[in-house]
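The values are calculated or read from the model by the stated rules, or taken from the named source; none is laboratory data. Because the structure is predicted, anything quoted here is derived from the model rather than measured. Quick reminder, even Gly has a Cβ in these numbers, built from the backbone with ideal geometry, and neighbours come from all protein chains shown. These area figures cover heavy atoms from the full protein model, side chains too; ligands, DNA and RNA do not enter into them. Shrake-Rupley method; radii C 1.70, N 1.55, O 1.52, S 1.80 Å.
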Amino acid sequence: MSISNLRLRSALISVYSKDGLEPLIRRLHALGVQLYSTGGTQSYIQKLDIPVTAVETLTGYPSILDGRVKTLHPAVFGGLLARREPEHLAQLKEYNIPEIDCVIVDLYPFEDTVAKTNDEKEIIEKIDIGGVSLIRAAAKNWQDVAVVASKEEYKLFLDLLDEQEGELTENDRRELARRAFKVTSNYDIAIFNWFNEGTTDIAFKYSIHRSDILRYGENPHQSGVFFGDFEKVFDKLSGKAISYNNLVDIDAAVQLMREFQVGKPCFAILKHTNACGIARRHTLLEAWQAALACDSTSAFGGIFICNTTVDLATAQEINKLFYEVLIAPDFAPDALELLKKKEQRILLKIKSYESQKRSFRSLLNGVVEQDTDLKTETEADLKPVTERIPTPKEVGELIFAAKCAKHLKSNAIALVKERQLIGMGCGQPSRVDALRQAIAKAKSFGFDLNGAVMASDAFFPFPDCVEIAHEVGITAVIQPGGSMKDQDSVNACNERGMAMVMTGFRHFRHIGTTRSETNQQYRGGVILLIFCCLSQAITAQNAAGRSIRDIMAAQELAWNRGDLEAFMEGYWRSDSLRFIGSSGLTYGWQQTLDNYKKDTPDTDAMGQLKFTILSVEQLSKRSAYVIGKWRLARKAGDLSGHYTLLWKKIKGKWVIVADHSS
């Protein structure tokens, strides 16, 4: 082996956690390594009937000050910090200090102690001094000394010893040193943050030890990493690898359900961090059905979360719809067995709704940090400001609506009736736009707005929202207040017999995912793209004479059961479809039209696009490679990849061959 290799002759071991230590000690002993140790670790090694030398024999001092001082001595640190060069080695010999080739340490669990107690004396005693000093000394002198800085490295170190017969390469030692400084820097930041809490010293210092590399970031061309302990919050029971976008949506779902975790069964459906359906009912199945009814279109490919155990009856209904993630406190065994059959769908058992007290994100050339918005309005926060006081039923509805609005992107409006989010408007440049969007959505799904209540995430600068709300039958309003013109909205309510309460708490939600909400509103490939376009289709004739609704119903069932071939077949057998390239289509579809308009002879001046869809047999002959991609994707369970829309010019006509994009 290379002359830069280090053969271990001595090792100092002083650890807090003994888990997994025995195999390492036995291997070191088998390699003839002289072992030094202290206190509890020394006793542990002795019980294994393995020779060990007490550090006290090197220092000439016993452990003192209740164990606070054991290894802090030149006889120890000289052997660690000495370069293996003549001048340093001569000094070691002069003072009778042995060389120490390796340090194995596991620090006092400071962070765990802080998490479980407020006892300052106990916390202070868990600040490791000697261990950190040993780690830093050995890591600094990595060219001549190997360091194992935590119990997480025991196995790695043992494998290196086994593979290389007790020798460590220069690269091995440098990597161990890198890991060591990662441990000590994390440890120091945790201690600083504990001491700094409640002071006026503003400092941004975070260190998260655990990380998971993601397939990619928000988009395929971006790399992504999650820093945190996902398993502390969830048990992952089934499903594909969790993506960046999944994590963003999961976080939004947990924050939302934290508001509804107590009480009757509640179900929520989210899409791109916004709730598109929330309902509370007497049973979970009823809650699911009511939540789905809020917006059955956007629910496709969404994130589902509930506050109670998923039973078989509910699981059977959920299983009819494609989704990305399902989160619940628990799953009945028969329900879990059923849901796990869809292997790519992510099932999470939530352990905790606990939120971080502070939140932050990068902006410009720095970071912004703030208190997390953990305020949840209760009846005590409601200040009636109108002549008509809301009824007890309206009060409950208003609180429910306020919780919904809090978790929608600003400007946000939530319309609620019978503990169901029947309309929502979010991410709009004006509050009026948000309200009109919420009303349009409610009406599009057949909801009667008479008797509904309205929540706004911020104040009304003008009375227009109250006037519009009254026109559709809304009877009560909740808002934070704070506008110079609050009284205008109050007067408008009084004139119309409406009730209004103010809370004093605004819930702006500006920062979320940076994806375009329009472009990313629908997921799942062709079926939802065609759903959107068919709503504005001029004509469509099926070879078998079936109506558009019949085709759509059959295709939805095929998609939900994962039968991609049947799904494709129905559309490819349509003789022709003609779609309008208007602003009403999703951005992705409009962009496709724009990109191909100049090259497509069948595009007229109105921006309409005509194309012919071939049968499966014809398509397979001309574009077998595309079908192959679809089938491979289906087999892998990957129906949300990022292929672009594929076109092919066949017999002078442009044909959509396949779309496998989100």
*Please give the per residue volume of the convex hull enclosing the alpha carbon atoms of the range 18-67, rounded to a whole number of Å³.*
72 Å³
*For Gly277, distant residues with modelled amide H under 5 Å away*: Ile269
*Rough spin-label spacing in nm, given labels placed 7 Å along Cα→Cβ, for Ser43 and Glu175*: 3.6 nm
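Have a look at the DSSP beta bridges in the range 1-151 and tell me what percent are antiparallel, nearest 5. Walk me through the numbers on the way to the answer.
Details: 1 of 14 bridges.
Approximately 5 percent, going by the DSSP bridge assignments.
Determine the share of the range 59-104's accessible area contributed by carbon and sulfur atoms, expressed in whole percent, with a 1.4 angstrom probe.
Values: 1560 of 2800 Å².
Carbon-and-sulfur percentage of accessible area, whole number: 56.
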*Scattering from the C-alpha atoms of the range 279-411 alone, worked out with Debye: what is log10 I(q)/I(0) at q = 0.11 1/Å?*
-0.59
*Cα-based Rg and Dmax for the range 1-128, where Dmax is the largest Cα-Cα distance (Å)*: 16.5, 52
*What is the sum of charges around Trp288, taking Lys and Arg as +1, Asp and Glu as -1, for the other residues whose C-beta is under 15 Å from the C-beta of Trp288?*
+1
*Given a Förster distance of 22 angstrom, what is the FRET efficiency for Glu167 paired with Thr53, based on the Cβ-Cβ distance and rounded to 0.05?*
0.45
*Which residues does a label at Asn5 reach in the range 11-36, if reach means a backbone N under 19 Å from a point 7 Å past the Cα toward the Cβ?*
11, 27-34
*Diffusion constant of the range 61-177 at 20 °C, which comes from Stokes-Einstein with the Kirkwood Cα-pair radius and 1.002 mPa s, µm²/s*: 136 µm²/s
_Rh by Kirkwood over Cα pairs, then Stokes-Einstein D for the range 392-474 at 1.002 mPa s and 20 °C, µm²/s_ = 176 µm²/s
*asked:* For the range 330-404, which trypsin sites (Lys or Arg not before Pro) pass both filters: DSSP loop (anything but H, G, I, E, B) and at most 15 other C-beta atoms within 10 Å?
replied: Lys340, Lys341, Lys351, Lys357, Lys375
_With a 1.4 Å probe and all protein chains kept in place, how do Phe230, Phe508 rank by accessible area, largest first?_
Phe508, Phe230
*Accessible surface of Arg136 - all protein chains present, 1.4 Å probe, nearest 10 Å²*: 110 Å²
_Å² of accessible area per residue within the range 213-300, as computed with a 1.4 Å probe and no ligands counted_ = 40 Å²
*What are the extents of the Cα atoms of the range 169-236 along their three principal axes, listed from largest to smallest and rounded to whole Å?*
42, 38, 27
